[in-house]
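K.L.:
Below you'll find the structure I mean.
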Amino acid sequence: MKILEQIITDLPDYPLADIRLGKHWTAVVAQVNGSQTCGLASNPYKTPLLTDEELATMKAGGSVRDLCQLAQQPDKKLASIGIAAVNALLHRQPDRWVSGNAGQIIAERGRGKHVALVGHFPFVNELRQHVGRLDVLELNPGPGDRHAREAADIIPQADVVALTSMTLVNGTLPGLLDLCQPQAYVILLGPSTPLTPVFFEHGVNQLCGSIVNEIAPVLAGIAAGQSFRQIKQQEQVQLVSICCN
């Protein structure tokens, strides 16, 4: 069974309260037993995902679980909405959450080791100072990055492999996990990361994601085109991590 299919199969269903589409982020809000939960996913296109008419049609459906099925669509703009819906429905496990910054976690795990990071994150320059070797793989590589097509050469050599959760949206996660050596420490990171132990059955050791604590201001920030860093600075979102043990 595919990872996303396995995750979605076990999800409950709740009424859809809202969908918010922004330049950088997508949010789906579920109405859960008198309260609301919000899930986020990155918008890979940096442009509006849907027209107002398409969005109105989607909202009229009313089921968050139906939206989750979009996560498996090849159309990446729909997949982003699907991942946000998955994150809105996942059972909250605060007893397993540990507050933590993904960059710091990778730095600690990668001290003196070879780290392969799929996705260029803002902490890359600082991370280089704390690990033995850092290879950053990107579809659109910048200075110092390696092209994503080199993954098959780099990832099998790495002691620590950190994968952006955007690999869920673009469908590359299973193939990248297959490249990891059994002894490698594998981290899935980014605000889009579904915080579910299902990933631990597929070779992931640690998840670094986000929890929306203040829904209304987050939705307003997304609609205004704010970056995740801008939203996080206002302490409306909590960065958390869970491990397989």
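Just so you know, all these numbers are worked out from the coordinates, no wet-lab data involved. Since we're looking at a predicted model, the values are computed, not measured. So basically every Cβ, Gly included, is an ideal-geometry build from the backbone, and we count neighbours across all protein chains shown.
K.L.:
Can you compute the modelled spin-label distance between His91 and Gln157, with each label point 7 Å from Cα toward Cβ, in nm?
P.N.:
Calculated label separation equals 4.2 nm.
K.L.:
Further question: Taking springs between alpha-carbon atoms closer than 10 angstrom, which of Asn33, Asn205, Asn87 fluctuates most in the Gaussian network model of the chain?
P.N.:
Asn33
K.L.:
Still on this structure, I have one more. Give me the Debye-computed log₁₀ of I(q)/I(0) at q = 0.08 Å⁻¹ for the chain, equal point scatterers on Cα only, no solvent, two decimals.
P.N.:
Each listed q corresponds, in turn, to -0.28.
K.L.:
Could I ask something else about it? If exposed trypsin sites (Lys or Arg not before Pro) are those in a DSSP loop with at most 13 other Cβ within 10 Å, what is the longest stretch of the chain that has none?
P.N.:
The segment 112-245 is the longest one with no such site.
K.L.:
At 222 nm, what value in deg cm²/dmol follows for the chain if DSSP H runs of at least 4 each add -39500 (n - 2.57) and the sum is divided by all its residues, to the nearest 500?
P.N.:
-8000 deg cm²/dmol
K.L.:
Classify segment 8-121 as rounded, prolate or oblate from the Cα gyration tensor: take a ≥ b ≥ c as the square roots of its eigenvalues, call it rounded if a/c is under 1.5, otherwise prolate when a/b beats b/c and oblate if not.
P.N.:
Oblate is the answer for segment 8-121, as a/c is 1.5 or above yet b/c matches or exceeds a/b.
K.L.:
A follow-up question, please. Which of the residue pairs Lys76/Lys232; Lys77/Lys232; Lys76/Lys113 have a Cα-Cα distance greater than 32 Å in the structure shown?
P.N.:
Those over the limit are Lys76/Lys113.
K.L.:
Cα centroids of segment 95-158 and segment 1-74: how far apart, whole angstrom?
P.N.:
What the calculation gives is 29 Å, centre to centre.
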